[in-house]
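Where a number appears in this text, it was derived from the coordinates with a stated rule and is not lab data. Because the structure is a prediction, the values reported are computed rather than measured. Every residue, glycine as well, gets a Cβ built from its backbone with ideal geometry; the counts of neighbours run over all protein chains shown.
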Amino acid sequence: MTTRSEILIFACHPEDVSVLKGAAGPLGPVFHTVDSLVDVAHQAATRRPTAVFLGVGDDTLGHLDVIRTIHAVRNDLPVIVIGDHDSLELERRVRQQTIFYYLVHPIDRTEAGAVLGDVLRHAGN
């Protein structure tokens, strides 16, 4: 019996989480929502997730700081950032980080499915 991959989610719009779950399907990864940046770092180290989805906006750019912590613990862990809105400045700040992919709210189901597929292939599942 194989275990399902787990994906951590922090500060993402509920609609985006719903799209991710729908794109993954019933046999896809398990999505685990965390409540704080400290929990993101802790769970990344202890739960061994397949990826982290991190919501970021103009007023939450500090969320990007956790990416360095995640990669210090797990340099192979894909971090996917979902920008709160379409902004060149926000995208520039996000892309200064080492991320796996960048999406913009509201996310598209087809693109979300492609990203999840890439994440699972990256993990070897």
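Brief remarks on what is shown
- Residue-span extension gain [residue 38 to residue 73] - 0.36 nm each, minus C-alpha spacing: 11.3 nm
- Full extension of the chain segment joining residue 86 with residue 15 gains 23.9 nm, where the gain is 0.36 nm per residue of separation less the Cα-Cα distance.
- In the chain, taking the dipole from charged Cβ atoms about the Cα centre, the farthest positive-side position among 43, 105, 83 is held by 43.
- Label point distance in nm, residue 60-residue 45, each placed 7 Å from Cα along Cα→Cβ: 2.3 nm
- Relative exposure of 33, 3, judged by other C-beta atoms within 10 Å (fewest first): 3, 33
- In the distance distribution for region 40-102, Cα-Cα pairs more than 20 Å apart total 20 percent.
- Calculated P(r) of the chain - Cα pairs past 17 Å, %: 52 percent
- Where labels lie 7 Å past Cα in the beta-carbon direction, separation of residue 111 and residue 4 in nm: 2.6 nm
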